[in-house]
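Here's the structure, in structure tokens; my notes come after.
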Amino acid sequence: MTSTISPADALRTLGVAQDTYGRTVNTARSPGHVDVLGEVLAEALRTAQPDTLVVWNTSDEAVLVHAVAHYLRAGVSRVAELEGIVSVDEAVTSGARIALLATQWSERRLATLRRVVSGAGAETVAVAAVLPSEALAAVTDVRTVALLSADETKEFTR
């Protein structure tokens, strides 16, 4: 890692807010601090060797995933849900190695993206988030990454 800023300090600068799909990082506040999160998440995901990162389609999640993808040299696919219809902006291809990424996972949102990936014939190789959650902790079949610990997260989830 090239930055001397910790992920917790970066997140303190950026802040966390509620968005369409749950908690999200306020990426507009500091691209440099988003880059810190992106670099650390990428390093944590590197051993899973994902070739595509999949996120829910919000502007802040899109900025975060692009920072991670830059360091992994991976593609990005964003998923949206409108009135119960799920759509994917860049198709997930059969055989792709997928890492799912979010600021914080909810059980429903994570399960939906896992179905999108498996339905496309791709393989989920990792599930990552900036903030830990029960949904992330429940994943036992692939590598999981929570950038911050539960103790570090308390100030962001009040």
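The values are calculated or read from the model by the stated rules, or taken from the named source; none is laboratory data. Computed from a predicted structure; not experimentally measured. Note: ideal-geometry Cβ built from the backbone for every residue, glycine included; neighbour counts use all protein chains shown.
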Could you tell me which residue of the stretch 117-145 is nearest to ALA8 (Cα to Cα), considering only residues that are surrounded by fewer than 21 Cβ atoms within 10 Å (Cβ to Cβ) and of a type in the set (A, V, I, L, M)?
-> VAL145
Please name all residue pairs, on different chains or six or more residues apart, with Cβ atoms under 9 Å, provided the first residue is in the stretch 72-86 and is within 14 Å of TYR21 (Cα to Cα) and the second residue is acidic (Asp, Glu) and buried (at least 17 other Cβ atoms within 10 Å of the Cβ).
-> ARG78/GLU61
Breaking point among (1) touching a Lys or Arg at 6+ places or on another chain (Cβ under 7 Å); (2) buried (at least 21 other Cβ atoms within 10 Å of the Cβ); (3) at pLDDT 90 or above, for TYR21 | (3)
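Residue-wise test of (1) modelled with pLDDT of 95 or more; (2) out of contact with any strand residue (DSSP E or B) (no Cβ under 7 Å at 6 or more places or on another chain); (3) not charged (D, E, K, R).
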site	(1), (2), (3)
SER87	no, no, yes
GLU90	no, no, no
GLN104	no, no, yes
VAL139	yes, no, yes
Within the stretch 46-68, can you find the residues that are under 15 Å from VAL145 (Cβ atoms) and either in a helix (DSSP H, G or I) or small (Gly, Ala, Ser) (or both)?
-> ARG46, THR47, ALA48, LEU64, VAL65, ALA67, VAL68
Only residues that are more than 15 Å from LEU101 (Cα to Cα) and either without any contact (Cβ under 8 Å) to a residue 24 or more places away in the chain or of a type in the set (Ser, Thr, Tyr) (or both): list them for the stretch 33-54, please.
-> THR47
Yes/no for THR93 being surrounded by fewer than 20 Cβ atoms within 10 Å (Cβ to Cβ), among the hydroxyl-bearing types (Ser, Thr, Tyr), over 13 Å from the mean Cα position of the chain (by Cα) and farther than 19 Å from THR47 by Cα = yes
